[in-house]
Amino acid sequence: MKITAGEKNLIIKAVELRRSYVDDHKKSSSAIDSILLFAYNPFLRLSTFEKSFLRGCVKEYCIYPNEELLKLSDYEVFQSDSDLHAAFKFVDTGLSILKKLNDKDYSCYRSFESVINTAEQFNSIKTVYYSLSGNKIYKAGVVLKGKKGFKIEIGSADYSRFAVVDLFRDQFMFEGTPVEILNRIKIFENECKLEENHTILDAILNPAITKYVIN
């Protein structure tokens, strides 16, 4: 199993934390010694018990203390303060280890890095497909690249994930720029209260304004 320098460091700290209270439990102490040896020589193989033990150590050290972060939606990660990015990276490292260890509980979690990488593309948005009901945008397709982007249904309960999908122009009534869409949202806000996904769409498109105006 290949591990990065960051994963190696986390593994060492996680099992050393566990060592502090396993006392003289022979099986656990032996597992810790084997895992530390593996951290410095990742071409070695871990036994089934050692893998299970390591999963537990990583969860205890890295995942459980940060479970509130795992509950954040992609939009909340996008809107979060940059001070949290170090914590995101720390949790991502733990999730990466658990994925390599085939952990059934956490190996399918998306990484914070993937969300941040998607958000970094927001300032390059040039095209938005949308449909109107009066002055209300009720669905939008935000084009990121080519025919890929994400679809926002304004009336849905929430928009928790930036799920990139295929977008089809003929599924929407109109096509516009981020500036045009933001203006439409502002016009609608003067008439009615914005829905939650209007606010999210507004936030997603705002990074594109400066670049669009300059261009």
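Derivation of every value follows stated rules applied to the coordinates shown; laboratory data play no part. Values in this document were obtained by computation on a predicted structure and should not be read as measured data. Backbone-built Cβ (ideal geometry, glycine too); neighbour counts: all protein chains shown.
For the residues T199, T93, what sequence is obtained by ranking on other C-beta atoms within 10 Å, fewest first? Working shown, then result.
Details: T199 14, T93 22.
Lowest count first: T199, T93.
Note on P(r) over Cα pairs in 10 Å bins from 0, in percent: of the candidates (i) 7, 27, 31, 23, 9, 2, 0, 0; (ii) 8, 28, 24, 16, 13, 8, 2, 0; (iii) 8, 36, 39, 15, 2, 0, the value calculated from this structure sits at (ii). By the count of other C-beta atoms within 10 Å, a proxy for reagent exposure, R161, R55 are ordered fewest to most as R161, R55. A protection proxy built from the mean count of other Cβ atoms within 10 Å ranks the segments 124-132, 141-149, 102-110, most packed first, as 124-132, 141-149, 102-110.
For the stretch 128-179, what does the equivalent ellipsoid look like in terms of its semi-axes, each the square root of 5 times an eigenvalue of the Cα gyration tensor, given largest first in whole Å?
Details: eigenvalues 53, 44, 16 Å².
Semi-axes (√(5λ), whole Å): 16, 15, 9.
Using C-alpha pairs under 8 Å with a sequence gap of at least 6, the mean separation divided by the residue count of the stretch 116-215 gives a relative contact order of 33 percent.
Take the alpha carbon gyration tensor of the stretch 1-69, find the square roots of its eigenvalues, order them as a ≥ b ≥ c, and report rounded if a/c is under 1.5; if not, report prolate when a/b exceeds b/c, else oblate. Before the final figure, lay out the partial values.
Working: a/c = 1.79, a/b = 1.09, b/c = 1.64.
Oblate, because a/c is 1.5 or more while a/b does not exceed b/c.
Between the stretch 11-37 and the stretch 136-210, how many Å separate their Cα centres? That distance is 50 Å.
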